[in-house]
Amino acid sequence: MSIKQQAGASIAASPAHIADVLRRGACPPDAAFDALLPEDICALSGDQWTPLEVALAAANWLKDSGVRRVVDIGSGPGKFCIAAALAGSCEFIGLEQNWRFVAVARSLARLFGVQSQVRFMHAELDETSLPEGEAYYIYNPFAQHLFDPSGAAKPNYERYRRDVALAQEAFRRARAGTIVITYNGFGGLMPSSYEMCRVDRELPCVLRMWRKVRLQDDGGFSVVDAD
């Protein structure tokens, strides 16, 4: 039986037990964590919130890289930030444009007792709102402009292209040595000043870690192999 299966077989769906398993480097079942979310937000988890095994992998990469401060672009209800904080030692800042998600994330951080390690900001991505971090995590947050699960909103291609471009420009402006971890991409390509240094294709989607190795780039983009 795998570590993940052992954890899933023995864990109760309580914050204390979930936190203990994550701190030990094991992976509780996503359903146990998601059950702490409001029902409608929980229903989005399979498509929109980072799986716990991905948060664990990212936390280990960040630990190996000596990162202390991470910014999650599009943090939703805080699942990645909280799980990675419990599994590692980084400070996390979640940037989220949906006020309700921010409120849920803050409540969840208090529930898990990580509010001193994790904080959530209500803001849209623009040229001034992105906090500075040693690392950034991004899980395809702009797809929400193209797909509305309720079917109520039409695709907003202009907003999608704008946000992708803003993310690319933010990565261009980052200092040398900055790390970016992408899960299932973000809709754009990494600037040519970055090199991919780690990749995991065994997860539900591809997890990649990039490091900015040059302060300047040539205006082009890094090319990666197909997933």
Next item on the list: Choose one of G46, S65, A143: the residue whose Cα lies farthest towards the positive end of the charge dipole of the chain (beta-carbon charges +1 Lys, Arg; -1 Asp, Glu; about the Cα centre).
Entry: S65
Next item on the list: Rounded to the nearest 10 degrees, what's the angle between the helix 157-173 long axis and the longest principal axis of the chain, both from Cα atoms, 0 to 90?
Entry: 80
Checklist line | Antiparallel bridge percentage (DSSP; both residues within segment 51-212; nearest 5) | finding: 40
Next item on the list: Net charge near R106: determine it from the other residues with C-beta under 15 Å of the C-beta of R106, scoring Lys and Arg +1 and Asp and Glu -1.
Entry: +2
Note to self: Which of the three applies to segment 10-159, rounded, prolate or oblate, going by the alpha-carbon gyration tensor with a ≥ b ≥ c and a/c under 1.5 meaning rounded?
What the structure shows: oblate
Next item on the list: Would you count, across the chain, every pair of lysines whose alpha carbons are under 23 angstrom apart, provided the pair is eight or more residues apart or spans two chains?
Entry: 4
Margin query: As a test of the formula, what do you get for the chain when each DSSP H run with n ≥ 4 contributes -39,500 (n - 2.57) and the sum is divided by the residue count, at 222 nm and rounded to the nearest 500 deg cm²/dmol?
Written below: -10500 deg cm²/dmol
Notebook entry, point to check: Using +1 on the beta carbon of Lys and Arg, -1 on that of Asp and Glu, and nothing else charged, what's the dipole of the chain about the Cα centre, debye to 20?
Noted result: 540
Next item on the list: Please say if segment 58-127 is rounded, prolate or oblate, where rounded means a/c under 1.5 for a ≥ b ≥ c the square roots of the C-alpha gyration tensor eigenvalues, and otherwise the choice is prolate for a/b larger than b/c and oblate otherwise?
Entry: oblate
Checklist line | Longest DSSP-loop-exposure-free segment, trypsin sites (Lys or Arg not before Pro), the chain, at most 15 other Cβ within 10 Å | finding: 69-174
Item checked: Restricting segment 113-200 to chymotrypsin sites (Phe, Trp or Tyr not before Pro) in coil, as DSSP defines it, with at most 12 other Cβ within 10 Å -> F147
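Bear in mind these aren't lab numbers, they're just calculated from the coordinates by the rules spelled out. Predicted model, so just to flag it, every value in this text is computed and none were measured. We place every Cβ from the backbone using ideal geometry, glycine too, and count neighbours over all the protein chains shown.
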